[in-house]
Amino acid sequence: MIIAVVVMLLVVGSIAFHFLSPWWFTPIASNWQAIDDTINITFWVTGAVFIAVNLFMAYAVVRYRNRGPDSERAHYEPENTKLEIWLTGLTAIGVAALLAPGLYVWNDFVNVPEDAWEFEVVGEQWRWTFRLPGDDGQLGTSSALLVNIDNPLGVDPADANGQDDLIVMSNVMHLPIDKPVKMLLRSKDVLHDFAVAEFRVKMDLVPGLVSYLWLTPTRTGTYDILCEELCGLGHFTMGGRVVVDTQEDYDAWRDSLMTFKEMSAVESGDPLIGQATYPVCATCHGSQGEGIVALNSPKLSGQEGWYLETQLRNFKNGVRGAHEDDEFGRQMAPMAALLADEAAIRNMVAYISTLPEHTGDTSLSGDAVRGQHLYRTCGTCHGVNGEGNYATNSPRLRGQEDWYLKRQLQNFISGVRGVHREDLFGPQMRSMSRMLRTEKDINDVVAYINTLEPAVDQNQIADASMQGGED
Ligand SMILES: [Cu+2]
């Protein structure tokens, strides 16, 4: 009897939970209402079966319970043609109701409307980037073999169609409202999955082939892009945003983008011009970029150029060094503003790259053996030898002064660094920094980084990261 009541409460509770649950679809922002309808049909069919089966079970438990010596004996009835016809028929209708709508929706999903425009989504550990066709409406061919620092999406420079392609090296993509769009999905490394909950549709990115999905955005707004494939250690940090704009806003955004041709033509920095401005920096960072602990200014020499550029841009745009508790970042931010434009940043970094590397001083003591153990996770992004890795946007750590490493770790942990909405990579490091739970953890891992040999020149760094280094 009690069991029958429990089963019935389970049914009532499940139904109540279904209708009262706060976890329901986000309001839809695309044409894919059919997907919601299909899911709803699935709920109705499985819900009806769930109720019927459980109520029958409760009834059977009561009706056929043990009534002592004068209980009826259950009789054995292996064949009942009438019942079997009914059950098979009902099950067939139920299964058809579950599957058939999905087939219709899938048919729509794989048949892209003729008037859809196209752009490309590129996934990599752990970021999203995008490429739009230029005025010719065609994307140039691309290949993973062509990927390098100056051509991060691997666009084929020999293909005329690719020259006017627009490159978006940020994780924010814009779409015009009410225009059907086909997204071509490509991965640089492992499996990823492009998903925007409000759009309902999602699709895997598979290295070596181009998959796709299509939709028509129907509501302006900003929606989160998630990677819904477990794509490695930093998988959960692989986020982005898609902004659905009115046509005018979209056009304005599109006009602000750089073409592949413009990107390739960007001149590398001129160290001589950079040198002219460097004396300002030298007052805090030292004449050789060796860092001055008394002024809380880190070593710059030996750091990877692409990383210095990102940080200078971040300081300049208020992404880093704007937090009110960021005592030292706030000293640096106005200095980055002295570098008027992209060219000035590149010239400065070109000059810093010519500075000879000094070995950083060590001031912390910690348990390097324990630190080595903690460092294993760090090494997947920063390189086994702390050499830095452009592919994961992670800076070089070895050779940097330990007091500075420690302070940055503390800044990430406390949310002084890596929380700005426009910060592309800081948030990844912020979530990783939380694996260091105590000050001892920080000291130990930094003590281990202190034991990593500083590299002598950039070629050695490249060799080490090619071979994956030695453990
Ligand atoms: Cu991913």
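For each of D150, D193, count neighbouring Cβ atoms within 10 Å of the residue's Cβ, then give the residues from fewest to most.
Sorted ascending by nearby Cβ count, the order is D150, D193.
Whose amide H sits under 5 Å from the amide H of L205, counting only residues 5 or more places off or on another chain, with H placed in the peptide plane?
Result for L205 returns H192, D193, F194.
Test of the criteria: in the stretch 20-117, which GluC sites (Glu not before Pro) are in a DSSP loop and have at most 13 other Cβ atoms within 10 angstrom of their Cβ?
Counting only loop positions with at most 13 other Cβ atoms within 10 Å, the GluC sites (Glu not before Pro) in the stretch 20-117 are E72, E79, E114.
How large is the dipole of the chain about the Cα centre if only Lys and Arg carry +1 and Asp and Glu carry -1, each at its Cβ, rounded to the nearest 20 debye?
Dipole size: approximately 1840 debye.
Projecting each Cα onto the charge dipole of the chain (Lys/Arg +1, Asp/Glu -1 at the beta carbon, about the Cα centre), which of A252, H75, G399 comes out farthest on the positive side?
Sorting the options by dipole projection puts first H75.
Apply the Karplus parameterisation 6.51 cos²θ - 1.76 cosθ + 1.60, with θ equal to phi minus 60°, to every residue of the stretch 226-243 and state each ³J(HN,Hα) to the nearest whole Hz, in sequence, with x for glycine and proline.
10, 8, 9, 10, 6, 10, x, 3, x, 3, 5, 8, 7, x, x, 9, 10, 10
When a footprinting reagent is the concern and you count Cβ atoms within 10 Å, what order do E118, E401 take, fewest first?
Ascending Cβ contact count within 10 Å gives the list E118, E401.
How many angstrom lie between the Cα centre of the stretch 308-349 and the Cα centre of the stretch 199-219?
If we compute the Cα centre of each part, the gap is 36 Å.
Per DSSP H run of n ≥ 4, the term is -39500 (n - 2.57); total these for the chain, divide by its residue number, and report the mean residue ellipticity at 222 nm rounded to 500 deg cm²/dmol.
Calculated mean residue ellipticity at 222 nm is -14000 deg cm²/dmol.
Using the Kirkwood radius over Cα pairs, work out the Stokes-Einstein diffusion coefficient for the stretch 1-96 at 20 °C and 1.002 mPa s, in µm²/s as a whole number.
After rounding, the answer is 127 µm²/s.
Have a look at N40, I51, A116 and report the one farthest towards the positive end of the charge dipole of the stretch 1-119, computed about the Cα centre with Cβ charges (Lys/Arg +1, Asp/Glu -1).
Value: I51.
What translational diffusion coefficient, in µm²/s and rounded to a whole number, does the Stokes-Einstein relation yield for the stretch 243-326 at 10 °C and a viscosity of 1.306 mPa s, taking the hydrodynamic radius as the Kirkwood radius over Cα pairs? Numbers along the way, then the final one.
Numbers: Rh = 16.1 Å.
Result for D is 99 µm²/s.
Report Rg(Cα)/(2.2 N^0.38 Å) for the chain, keeping two decimals.
Here the answer is 1.29, to two decimals.
Provide L339, L9 in ascending order of the number of other Cβ atoms located within 10 Å of each residue's Cβ, fewest first. Provide the component values of the computation, followed by the final result.
Working: L339 22, L9 11.
Exposure proxy ranking, most exposed first: L9, L339.
Is any helix in the chain, taking whole DSSP H runs, at least 27 angstrom long along its axis by alpha carbon and on average at least 0.5 on the Kyte-Doolittle scale, and which ones?
TM-like helix candidates: 33-63, 81-110.
Only four residue types carry charge here, +1 at the Cβ of Lys and Arg and -1 at the Cβ of Asp and Glu. Report the dipole size of the stretch 267-358 about the Cα centre in Debye, rounded to the nearest 20. Don't skip to the end; give the middle numbers.
Numbers: 6 positive and 12 negative charges, 17 e Å.
That gives the stretch 267-358 a dipole magnitude of about 80 debye.
FYI, it's all coordinate maths here, none of it is from the lab. Predicted model, so just to flag it, every value in this text is computed and none were measured. Counting neighbours? That spans all protein chains shown, and the Cβs are built from the backbone with ideal geometry, glycine included.
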